[in-house]
Amino acid sequence: MLRLRRDFLVLLLAVPLLLTSSIAAAQTQEVADTGAPSSRLLISGELGFLSPMAHSVQFSKAGTDFDYVDEGGQDNLYQFMRLQAEFDFKGRHKFIFLYQPLEINTEVVLRRDVRVDDVTFPEGTPMELRYGFPFYRVGYLYDFLEGSERELAIGAALQLRNATIDFKSADGQLFRSNRNVGPVPLLKLRARLPLAEKFWWSFDATGFYAPIKYINGGDSDVTGAILDASLRVGRPLTEEISGFVNLRYLAGGGEGTSKDDDDFGDGYVSNWLHFATVSLGFTYGAEILD
C-alpha cells in the first residue's frame, strides 16, 4: 500500500510537468480557424466496468487496517457509469457538471477478528459491506487553442464527496457506519488532438493534494488526495455524435483524526483506494448559440 501511495503522488506531480510540455507544444502550433466559434452543449455518458486494484480502510487507531480487495470481497469487476454535461462558450470557456456514482456492496465471511471503532466483528462472522463514494463535480476550463479539433485547456473544479461506509453482520446484531459529506477543491487539465484519419485522442486529469485543513474540505488536519486521470480514443459517428473508448485511473483518500461528538471511536480514519475503469461512451453535441 505504501508503494501505491508513492505511485499516486508521482502521478499527481506528473500532471504539472505534462501541462508545461503541452503548453510549449501548443505555442509552436498554428491552427486555422474559420469564422467565429459557436457555443455548444455537449452531453456524454460512459458505461463499463471498474476493477479495484488496492483499497483499505481503518476506523480508530486501535481499529483494523481492513483490506477490501483481499478480505472484503472486492476481488471482482463492478459496473461503472459516468454522466457529464458541458457548456462550451465560444470555443474557449468550458463549464462542466459531472455526476459519478460509485457504490460497491459485498458479502463475505471474516477470516479474522476485525475491529471498527469500538466494535469487534469476530472471525467467522458473515458480513454485509457497503462502500459508497459517489461524487458531484462542477468545473471550468479555458482552452488555449483555437479550433474544434485541438484542445489544451486548464482550469479548476469543486467536488462534493458523499461517502457512506458500512460494516454490518448478516444478522444485524453488529453494525458500524461512517458518513461524510464535504467539498474538495481540484485542479484540472484536458488535451485533445487528431489521431490518424477521422480518429482523435484525449487526456484528462483532475486532482489535488491537500495536507492541511481549510483546503481539504474539512475542519481538521487530515491529509487528503485525489487523482482522476483518463486516456480516451474516439471517432465521430455523425455530425452530432462521437463514440469513444476510455481507460481511467481513479485514486485518492484521506488519513488523519477528526473528532466529532457522535463518533464511536477516537476519530482517526484512513481510507485509500486505487481503481481502474474501462468504458465505452458517447458524446452528443449541439450548437445552441451563434
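Working from label points 7 Å from Cα in the Cα-to-Cβ sense, the Ser51 to Ala85 distance is 3.4 nm.
The overall shape of the range 91-190, judged from the alpha-carbon gyration tensor, is prolate: a/c is not under 1.5, and a/b is greater than b/c.
When only DSSP loop residues count, what GluC sites (Glu not before Pro) in the range 69-138 have their Cβ near at most 12 other Cβ atoms within 10 Å? It would help to have the intermediate numbers written out before the result.
On the way: sites: Glu71, Glu86, Glu103, Glu107, Glu123, Glu128; in loops: Glu123.
Here the sparse-neighbourhood loop sites are Glu123.
Modelled this way, with points 7 Å down the Cα-to-C-beta line, the labels at Ala196 and Val245 are 1.0 nm from one another. Full extension of the chain between Arg92 and Leu231 yields a length gain of 47.9 nm, computed as 0.36 nm times the residue separation minus the alpha carbon distance.
On the beta carbon distance between Ala156 and Phe264, with R0 = 51 Å, the FRET formula returns roughly 0.90. Heavy-atom accessible area, probed at 1.4 angstrom with all protein chains present, ranks Asp75, Asp204 as Asp75, Asp204, highest first. Per residue, the accessible area of the range 80-138 comes to 48 Å², computed with a 1.4 Å probe over protein heavy atoms only. Placing pseudo-labels 7 Å out from each Cα toward the beta carbon at Arg112 and Ile288 gives an inter-label distance of 5.3 nm. The loop-placed trypsin sites (Lys or Arg not before Pro) in the range 130-214, going by DSSP, that have at most 13 neighbouring Cβ atoms within 10 Å of their Cβ come out as Lys198.
The values are calculated or read from the model by the stated rules, or taken from the named source; none is laboratory data. As the structure is a computational prediction, the values presented were derived from the model and not from experiment. Here Cβ is always computed from backbone atoms with ideal geometry, including for glycine, and neighbour counts include all displayed protein chains. What goes into the accessible areas is simple: the full protein's heavy atoms, side chains included, and nothing from ligands, DNA or RNA. Shrake-Rupley method; radii C 1.70, N 1.55, O 1.52, S 1.80 Å.
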